[in-house]
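The values are calculated or read from the model by the stated rules, or taken from the named source; none is laboratory data. Worth saying up front: this structure is predicted, and the values here are computed from it rather than measured. Cβ sites come from the backbone with ideal geometry, for glycine too, and all protein chains shown count toward neighbours. Note: areas computed on protein heavy atoms with side chains; ligands, DNA, RNA excluded. Shrake-Rupley method; radii C 1.70, N 1.55, O 1.52, S 1.80 Å.
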Amino acid sequence: MNEIYSELILDLYKNPLNYGELKNFNIKAEGGNPSCGDLVIFTIKIENNKVKDIKFKGHGCAISTASSSLLTEKVLGKTIKEIKKISDKELNEMLGGIIQTRIKCMTLGKRVLDKAIEEYKKSGKNKIKVTIRI
Amino acid sequence: MNIKKIKEDFPILKKKINGFELVYLDNSATTQKPIQVIEAVNCYYENNNANVHRGGYELSRESTDLYEEAHKETAEFIKAKKMEEIIFTKNTTESINLLSFSLGEKLKKNDVVLTTKIEHHSNIVPWQQLKRKGIKVEFVEVTKDGKLNEKDLEEKLSFKPKIFAFTGASNVLGTVNDIKKLVKQGKDADALTIIDAAQFVQHKKINVKKLNVDFIAFSSHKMLGPTGIGVLYGKEELLEEMPPFMTGGDMISKVSCEKSYWNSLPWKFEAGTPNIAGGIGFRIALKYLERIGIEEIDKHEQKLLNYATKEMQEIDGIEIFGPEKNKLGIISFNVKGVHPHDVSSVLDRKGIAIRSGNHCAQPLMEELGIKGTARASFYLYNTKEDADKFIEGIKEVKKIFKVD
């Protein structure tokens with residue numbers, strides 16, 4: 001066991017859960033940070049205001065990949081309101097704790113997801129595709 | 001060159017990071033400062049602080065003299081004709097913005113500015129701003145190992161660009177350009193030649209007079225000096241012709257409500273109260289480098305580069321980018337299966353500071369087909385032990401991420 005990355009982060013980096021792309025989605029959100037080069041794409045199926053299915057793909061460091069992957073698990077079955085409530089602190093705890101210098105990597109996926117859901121609600125449409133720059 | 005003694009001049013190198021002695025290998029981003037520079041800045045504030053070119057009193061004369069001395073020292077360092085050719089800016093980026101603005105005034109629609117694909121964003125983005133005036137910006141292609149494509153260069157120069165702006169050395173790959181040849185090629189095509197020397201002057205000697213280059217730009221903080229001081233060298237006759245970039249205080253000789261007249265060089269281009277303390281600290285940094293000798297520093301870096309490169313080649317799954325020869329003490333690399341940020345974080349836990357990401361050179365990254373790299377860059381205070389710790393750190397990365 002090393003003190004930098006939890007086993008969970010290393011596992012999720014190598015074998016991310018829910019990796020891929022949904023063909024049948026209501027939201028497709030692509031977001032990233034051009035200065036670090038990380039990119040994440042969420043495809044989300046919404047039913048009765050809840051996340052029915054979600055996948056993610058992209059390329060990123062261990063922390064951003066693990067964080068986005070874990071997030072897809074966490075938000076499954078949740079309402080949009082509930083997703084908004086997930087805090088950075090909670091995310092950090094779920095990941096087993098990350099180093100201070102890498103908070104931005106951890107929150108990248110969450111920021112993209114939050115923004116995507118917001119845009120979806122605002123649009124009033126059944127299907128949207130958005131690009132988000134963090 | 002006594003590295004042990006040099007290292008003692010840098011207080012920060014005694015600092016512990018995560019319980020380990022700091023191994024600073026991000027010198028291409030910025031260098032650490034020797035005690036002589038830190039003391040010079042303190043000393044100025046304690047003893048000589050007053051605005052320059054202003055009061056007719058003793059203290060102002062002192063600060064003016066010290067600030068002007070810094071211009072003279074810089075002129076000597078790059079072998080410029082005189083201090084009138086040395087403009088202090090905030091950094092290389094500002095120096096190039098000054099050129100883009102001021103030279104851009106005379107350019108016309110469809111004129112071409114030629115730069116290259118190995119540039120730092122600071123030598124790309126300012127030129128792109130001229131597109132608003134219908135000026136075209138073109139790029140010399142790079143080869144797979146990060147050198148300028150000579151055939152493409154010749155072809156692009158044949159279209160007679162008005163400006164040819166290129167880097168002395170790549171901040172990402174360490175590629176050292178043949179500046180003598182490039183200036184000559186630029187001149188033969190009747191272009192104004194500009195060298196982004198931010199990664200060059202602290203490692204290689206430069207003689208702007210012999211080189212016959214029109215402008216060069218570099219930053220104090222990458223050569224042991226304070227942040228917030230940059231240099232623009234320009235040929236006197238060209239600077240005389242150019243309109244000022246920023247206007248206001250100190251850069252004028254006479255102001256009426258209708259019209260203003262410019263101050264003499266170099267002050268015409270230094271509007272407002274300048275970074276006096278920074279300039280004074282920079283002068284001491286230059287003196288420090290001259291005392292050790294740029295050629296000696298370069299030799300030392302090359303030794304570390306060769307040693308570390310050889311050690312890295314022994315490790316499986318390491319890809320090193322850039323040319324094999326003619327490069328600075330920079331190693332840009334990736335560990336297979338590990339993101340550069342994660343490489344950097346693992347090393348950081350052992351007190352080893354390296355850079356990761358796209359290094360402000362996104363067009364080059366695109367050209368190389370990668371998202372980013374990890375980068376270690378050496379300078380005069382780095383030791384063989386630093387290189388060993390760095391190599392050990394990479395092995396640790398592979399262990400943690402279980403990649404073989």
Subset of B:Lys209/B:Lys287; B:Lys7/B:Lys398; B:Lys151/B:Lys209; B:Lys33/B:Lys147; B:Lys15/B:Lys299; B:Lys33/B:Lys371 violating a 25 Å alpha-carbon distance limit: B:Lys7/B:Lys398; B:Lys151/B:Lys209; B:Lys33/B:Lys147; B:Lys15/B:Lys299; B:Lys33/B:Lys371
For the peptides B:56-63, B:28-35, B:77-84, what is the packing order when you average, over each peptide's residues, the other Cβ atoms within 10 Å and list the highest mean first? B:28-35, B:77-84, B:56-63
Neighbours of B:Glu154 by Cβ distance under 12 Å: Lys/Arg at +1, Asp/Glu at -1, summed charge -2
Vicinal HN-Hα couplings computed from phi for region B:34-50 (Karplus, 6.51 cos²θ - 1.76 cosθ + 1.60; Hz; Gly/Pro x): x, 4, 4, 6, 4, 5, 4, 5, 4, 4, 4, 5, 6, 10, 10, 5, 6
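Run the accessible area of chain B with a 1.4 Å probe and give the carbon-and-sulfur part as a rounded percent. Working shown, then result.
On the way: 8550 of 17440 Å².
Solvent-exposed carbon and sulfur of chain B make up 49 percent of the total.
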What percent do you get for the relative contact order of chain B when only Cα pairs under 8 Å and 6+ apart count? 23
Which of the residues in region A:26-52 show a loss of at least 40 Å² in accessible area from their chain by itself to the complete set of protein chains, at a probe of 1.4 Å? A:Cys36
Backbone HN-Hα couplings from phi across region B:213-228 [Karplus 6.51/-1.76/1.60, Hz, Gly and Pro as x]: 6, 7, 9, 9, 10, 7, 10, 5, 5, 8, 9, 6, x, x, 6, x
I'd like the interface area for chains A and B: accessible area of each alone minus the complex, both sides summed, 1.4 Å probe, protein heavy atoms only. What is it in Å² to the nearest 100? 1500
Solvent-accessible area per residue for region B:38-291 at a 1.4 Å probe radius, Å²? 43
One can check that the equivalent ellipsoid of chain B, built from the alpha-carbon gyration tensor with semi-axes equal to the square roots of five times its eigenvalues, has lengths in Å, largest first, of 36, 28, 17
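With a 1.4 Å probe and all protein chains left in place, how much accessible area per residue does region A:7-133 have, in Å²?
On the way: 6330 Å² over 127 residues.
For region A:7-133, the solvent-accessible area averages 50 Å² per residue.
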A:Lys52-A:Glu82 pseudo-label distance in nm [points 7 Å out on the Cα-to-Cβ vector]: 1.7
Label-point separation (nm) for A:Asn92 and B:Lys299, each offset 7 Å from Cα along Cα-to-Cβ? 5.0
What is the percent carbon and sulfur in the accessible area of region A:7-133, measuring with a 1.4 Å probe over the protein chains and ignoring ligands? 48
Percentage of interatomic Cα-Cα distances in the protein assembly as shown larger than 34 Å: 48
In nm, to one decimal, how far is the A:Lys14 label point from the B:Asn326 one, both placed 7 Å along Cα→Cβ? 4.3
For region B:137-144, 3J(HN,Hα) per residue [Karplus equation, 6.51 cos²θ - 1.76 cosθ + 1.60, θ = phi - 60°, Hz, x = Gly/Pro]: 10, 10, 10, 6, 5, 10, 7, 4
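What does the extension gain come out to for B:Asp188 and B:Leu59, with contour length at 0.36 nm per residue minus their alpha carbon separation?
Stretched out fully, the B:Asp188 to B:Leu59 stretch lengthens by 41.5 nm.
By per-residue mean of other Cβ atoms within 10 Å, what is the highest-first order of B:375-388, A:99-112, B:246-259?
Details: B:375-388: 22.4, A:99-112: 19.3, B:246-259: 11.7.
Highest-to-lowest ranking by the protection proxy: B:375-388, A:99-112, B:246-259.
Within 10 Å, count the other beta carbons around each residue, average over each peptide in B:313-319, B:91-97, B:367-373, and list them highest first. Don't skip to the end; give the middle numbers.
Numbers: B:313-319: 12.1, B:91-97: 24.1, B:367-373: 18.7.
Highest to lowest by the protection proxy: B:91-97, B:367-373, B:313-319.
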